[in-house]
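Readers should treat all values here as calculations from the given coordinates under stated rules, not as data from a laboratory. Nothing here was measured: the structure is a model prediction, and the numbers come from that model. Here the Cβ positions follow ideal geometry from the backbone for every residue, glycine too, while neighbour counts run over all protein chains shown.
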Amino acid sequence: MKQKIIKTKAKEIFTKTNLPGADYVINQYIGCSHGCTYCYARFISRWKGHGNWGTWIETKINAPDLVRGRKISGKVFMSSVSDAYQPAEKELMLTQRILENLDKSTQLSILTKSDLILRDIDLLKQFKNIEVGFTVNSFKGKRRNLFEPSSPDTLRRIMAMKELKKHGIKTFAFVSPIIPELFDLSEVVKNTRDFADYFWFEFINLRGAGKEFKEILSHNYPESLKTIQDKQKVNLYIQNIVSEVRKSGVKIKGIEIH
Ligand code: SF4
């Protein structure tokens, strides 16, 4: 798919955030060609006017200059409306140049779906307080094509997590999105537990995912959508998963229910 790349310049790159576990976010990219159909950031496409989510990205070309010499107290999360290691990063190297210039005592948390991050292992190791998370789930075949059409698959993400762990980098698993009937908790935990220092769990944010995602569920997995829309059923499903999560024995940092 042809991707539109729009170059912009920012005045500031550290943005205050209310996201759990973070004080600031860095979004050197806005938009994401991984194009996950459940992505809560898809709404941005409506007011940017560059086209459908996944077909365009804005790149803040001066981001590496904006981090140089800055001392940030508090935790910095990368990124909240894009993936810092989406395919364009391979050539643009914006994330890499930010890491080069960023103060190495910054408390940095990176969340990605891409093993491209392995390219920057030597840089990551220079940070005194860093963690890298990977979004993991159990989508395969048709579900993966429908929900995550363009990102590296979960197996590649887990292999990357394993590699970072081998290099002494703290890792976490962001288990998301948990969708009734379409999620296998035991598989995800079994495949990931040896390589993740801790876990976040997140249930599907149907409102954030938007109308198109609801339509995808309605056409392909109507039973799942019915469960999500039935308060009693969805609460029971959440209770069961939360209880299984607690029994699994992994270290839990948070469980997000929208
Ligand atoms: S990788 Fe993350 S930011 Fe990118 S489309 Fe998927 S959910 Fe959205």
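Can you tell me how many residues in the stretch 88-113 are more than 16 Å from the ligand (Cβ to nearest atom) and either closer than 15 Å to ILE169 by Cβ or not hydroxyl-bearing (Ser, Thr, Tyr) (or both)?
Initial filter on the stretch 88-113 (more than 16 Å from the ligand (Cβ to nearest atom)): 91, 93, 96-108.
Now restrict to residues that are either closer than 15 Å to ILE169 by Cβ or not hydroxyl-bearing (Ser, Thr, Tyr) (or both): 91, 93, 96-104, 106-108.
So the answer is 14.
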**OP:** Determine, yes or no, whether LEU111 is under 26 Å from GLY208 (Cα atoms), in contact with a strand residue (DSSP E or B) (Cβ under 6 Å, 6 or more places away or on another chain), surrounded by fewer than 22 Cβ atoms within 10 Å (Cβ to Cβ) and not hydroxyl-bearing (Ser, Thr, Tyr).
**Re:** yes
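Is it fair to say THR55 is over 30 Å from SER218 (Cβ atoms), of a type in the set (Ser, Thr, Tyr) and touching a strand residue (DSSP E or B) at 6+ places or on another chain (Cβ under 9 Å)? Lay out the reasoning, then the answer.
Values: over 30 Å from SER218 (Cβ atoms): no; of a type in the set (Ser, Thr, Tyr): yes; touching a strand residue (DSSP E or B) at 6+ places or on another chain (Cβ under 9 Å): yes.
Considered against the rule, which asks whether it is over 30 Å from SER218 (Cβ atoms), of a type in the set (Ser, Thr, Tyr) and touching a strand residue (DSSP E or B) at 6+ places or on another chain (Cβ under 9 Å), THR55 comes out as no.
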Subject >> Hits in the stretch 52-87 - residues which are within 14 Å of the ligand (Cβ to nearest atom), of a type in the set (Gly, Ala, Ser) and surrounded by fewer than 21 Cβ atoms within 10 Å (Cβ to Cβ) >> reply: SER80
**OP:** Name the helices (runs of 4 or more DSSP H) wholly inside the stretch 179-230 in which the number of residues that are of a type in the set (A, V, I, L, M), touching a residue at least 60 places away in the same chain (Cβ under 8 Å) and surrounded by 19 or more Cβ atoms within 10 Å (Cβ to Cβ) is 1 or more.
**Re:** 185-192, 206-209
**OP:** Those residues that are in a helix (DSSP H, G or I) and more than 16 Å from the ligand (Cβ to nearest atom), I need them from the stretch 114-154; list them, please.
**Re:** LEU118, ARG119, ASP120, ILE121, ASP122, LEU123, LEU124, GLY141, LYS142
